[in-house]
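Just so you know, all these numbers are worked out from the coordinates, no wet-lab data involved. Quick caveat, the model's predicted, so the values are computed rather than measured. Neighbour counts are summed over all protein chains in view; Cβ atoms, including those assigned to glycine, are modelled from backbone coordinates with ideal geometry.
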Protein chains: 4
Amino acid sequence: MHVNDFHQPELGLSVTEAARRAQIIGATIATIGEHGYAKTSFARIKERASLSSTRIISYHFTNKAGLMQQVLSAVTDLKSSFLTERTEGVVDPADRRGMLRAYIESEVAFLGAYPECVRVMLEMAAHADDTEGWSMAGIVVQQVRVGQLARQLTQGQREGVFGEFAPDVMAMSVSQAVDGVAAQLAADPKLDLETYGRQLADIFERAAAA
Amino acid sequence: MHVNDFHQPELGLSVTEAARRAQIIGATIATIGEHGYAKTSFARIKERASLSSTRIISYHFTNKAGLMQQVLSAVTDLKSSFLTERTEGVVDPADRRGMLRAYIESEVAFLGAYPECVRVMLEMAAHADDTEGWSMAGIVVQQVRVGQLARQLTQGQREGVFGEFAPDVMAMSVSQAVDGVAAQLAADPKLDLETYGRQLADIFERAAAA
Amino acid sequence: MHVNDFHQPELGLSVTEAARRAQIIGATIATIGEHGYAKTSFARIKERASLSSTRIISYHFTNKAGLMQQVLSAVTDLKSSFLTERTEGVVDPADRRGMLRAYIESEVAFLGAYPECVRVMLEMAAHADDTEGWSMAGIVVQQVRVGQLARQLTQGQREGVFGEFAPDVMAMSVSQAVDGVAAQLAADPKLDLETYGRQLADIFERAAAA
Amino acid sequence: MHVNDFHQPELGLSVTEAARRAQIIGATIATIGEHGYAKTSFARIKERASLSSTRIISYHFTNKAGLMQQVLSAVTDLKSSFLTERTEGVVDPADRRGMLRAYIESEVAFLGAYPECVRVMLEMAAHADDTEGWSMAGIVVQQVRVGQLARQLTQGQREGVFGEFAPDVMAMSVSQAVDGVAAQLAADPKLDLETYGRQLADIFERAAAA
DNA sequence: TATGAATGAGAGTTCATTCAT
DNA sequence: AATGAATGAACTCTCATTCAT
């Protein structure tokens, strides 16, 4: 799956509902990625998608909230399919240490693969309260992931693989550290993410070690 | 020094330049704290400060950017004086482990003492590119702090107090984890910050240990 | 073609894009004509065009600059078509003396026919630097005309029809004299333009004579 | 007399009423000269004169109109003294042809000597109706001069020195041509004014010749 | 499936001026 | 001779949305 799945249809042709929506969503992602959420207006999206008027956006989506909601799910879906594709079958779910490392490294890898989407998620989380009417259901997915990580950690402690620490605090720290890489990457796009991911995993492996 | 130093003078009275500015800055902080940066307009600030018109804000500050700049320094100053007051003389600078713990715990303590200010700093960092023309000098101060932490860690490694890890990655993780607490606190204001701070320090102490 | 091509549609009716634009442009011309450029605000235009709000102006034109640009071309077009209509075929282009006279008299005639438009051109030239972003392409058209006149004069000199003088200085003087008539007319609307034009042509004919 | 008679007193020192007024008037002239009348606000004048607040301008002048009035007389006085100084005793008032040439050449010379002042006069004439309440008494002076020229021309015709033409039309043309040089000079500051003035005088001399 | 036309609300900013002292 | 503080009015422009067809 590629982010470029959201893109311009042949110009002038009438397009199916679905394609138009995808096109607009794609343009919105690109716009947020470049200018940030706050400067992402219908007008700007219109330009990026080469639409004749903003009216067509209002037509396909009930609301700005509605559009954003869909943008969020698109990005979230992309991420979760990326992660399952990358993790599934690779690591033994019973291997707690391996799961921790896999969590960190795959998150960092996603960052490298779709920095634009990461920016979008961060921006949307930061502006969650902008318009009333769009729940952060997508963001919640993230929190679920953090919750899962916490549970894995707790389990690992019971099994004696991990030492003593507050599992939820550790999970939060891991999650935050990963988010921090995004900022780092934005500042320096040439950052070596593989190394960075490994070093991050090293750190938290030692922190969690028995 | 308290955040409440910024407050309403008697209504209708003419007030000194400095007092007015402080009042407006205080109202701005409160407004950002409650509604977020994006919804912080002159109109809203006016209401909170019980001013007769927004015009008076434009009178005392060259710009919206100018106002925000000053808000940022106010908050930054408050934080740095809080931290020095709390850390100075308490910990031996040569005690690397102690410094790491002190860093984390004092940051978390600040969070508990001035949650509003933390919100402001986060919001402003997120909207740094909103209006061109206001440098994020204040935010840079933060980055300086992270840099100092990284140097402390490196030094500790040379002295054999700390183990092997990438100091800058560790420093970033610590900083991010601390920021994460802010979100945590916003979600659950009854969060026991002292415990949380200790647990966080524990985690990173183990991660850094020789 | 008449300036009154720009005018009010029935009130309250929805109108085509083109008609609205023409209406707004017309109202703008009238407003500049009456109050001058500096006092021509969207609000005043709105009133003259009987619009419900100034918002509709921003809707149809990207900018104030954009509107003014279009006003300028409207007026310029009007003038150039007036002039060609009046000069074309009437004077033999090889008759240099006749061309000089035709230039002066037709310019003065335009002044009489569309004093409002002349005011607009003068005002806009005077405020060319008001808002950055609108090139004075229309004004340049004027300069082109002066350039053409200069060339005609030079040619006439070569042919021995005209005497010795600096052609560009002469052309500038002619052009300026014509502009001066506008002010004269504004001060005394009953001024006999035909006579005035003839006298002006007489003067420059003698000045240019061999 | 120099335009720089209007200028900054020693900073910080209390200054006499007259000096302050001159300083402000000088700053206003400079500001109009550089930015044009429309962009000449109290704020801009304040900056150029290095005043602490615009309030001081309101203090020394009843009005914006009042200030402009005085600016106008300052400039007008400067010009008329320049002209008398240059013309007086040089040309025999009975020498009509000489007077015509002197008129043109001295006006052009003034232009070269004080381009800033010329800009001011042109700008002010163009915005004569900006603020109600300031008569263009100064501009009228100009018109008086044109009137005098017209009378000289008429007299010259009676004496047989000049040919047949409408004296007021000729006078207006001369006056306008001279103003045109200002624009020319603004476009190309290296323009050779002496030559230009002579050529202009040549043209009108021929136009007026018997 | 898509448009054309319009809209109300609100934004920040600049302006010359005035009431005090 | 000068200031500090404040002000009301007007400005252009952007926003997401809606009524028609």
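Brief remarks on what is shown
- With one equal scatterer per alpha carbon and no solvent term, the Debye-computed log10 I(q)/I(0) for chain C at 0.10, 0.13 1/Å reads -0.50, -0.77.
- The tail of the calculated P(r) for segment C:78-131, taken as Cα-Cα distances beyond 16 Å, holds 50 percent of the pairs.
- Trypsin sites (Lys or Arg not before Pro) restricted to DSSP loop in segment D:109-190 with at most 10 other C-beta within 10 Å: D:Lys190
- Among residues of chain B, the one whose beta-carbon sits closest to the B-to-D rotation axis is listed with its distance in Å as B:Arg55, 5.
- For B:Ala209, residues with placed amide H under 5 Å, excluding near neighbours: B:Gly163
- Sorted from closest to farthest, the other copies place their A:Ser58 label points 1.5, 2.9, 4.3 nm away, with each point set 7 Å from Cα along Cα→Cβ.
- Compared with the dominant principal axis of the Cα atoms in chain D, helix D:193-208 is inclined by about 40°.
- Modelled spin labels at A:Val141 and A:Ser80, positioned 7 Å past Cα toward Cβ, are 0.5 nm from each other.
- Counting only alpha carbon atoms, the long axis of helix C:167-187 and the longest principal axis of chain C meet at about 50°.
- Residues in segment B:35-55 that a label on D:Ala43 would reach, taking backbone N under 17 Å of a point 7 Å out along Cα→Cβ: B:42, B:54-55
- Whole-Å semi-axes of the ellipsoid equivalent to the protein assembly as shown (Cα gyration tensor, √5λ, descending): 74, 34, 24
- The other copies place their D:Thr84 label points at 5.5, 6.8, 9.8 nm from this one, listed shortest first, where each point is 7 Å from Cα along Cα→Cβ.
- Relative contact order of segment A:3-208: 21 percent, from C-alpha pairs under 8 Å at least 6 residues apart in sequence.
- Counting, for every residue in B:159-170, the Cβ atoms of other protein chains within 10 Å of its Cβ and taking the mean gives 3.
- Separation of the A:Asp92 and A:Asn63 label points, Cα + 7 Å toward Cβ, nm: 4.9
- Only alpha carbons enter this Debye calculation for segment C:148-210, each as an equal point scatterer, and the log10 of I(q)/I(0) it gives at q = 0.17 Å⁻¹ is -0.62.
- Distances between copies at C:Thr16, taken between label points 7 Å from Cα along the C-beta direction, are 3.7, 6.9, 7.2 nm in increasing order.
- Compactness of segment B:17-66, taken as the C-alpha radius of gyration over 2.2 N^0.38 Å, stands at 1.00.
- Structure-based [θ]222 nm, the protein assembly as shown - -39500 (n - 2.57) summed over DSSP H runs of at least 4, per residue, nearest 500: -23000 deg cm²/dmol
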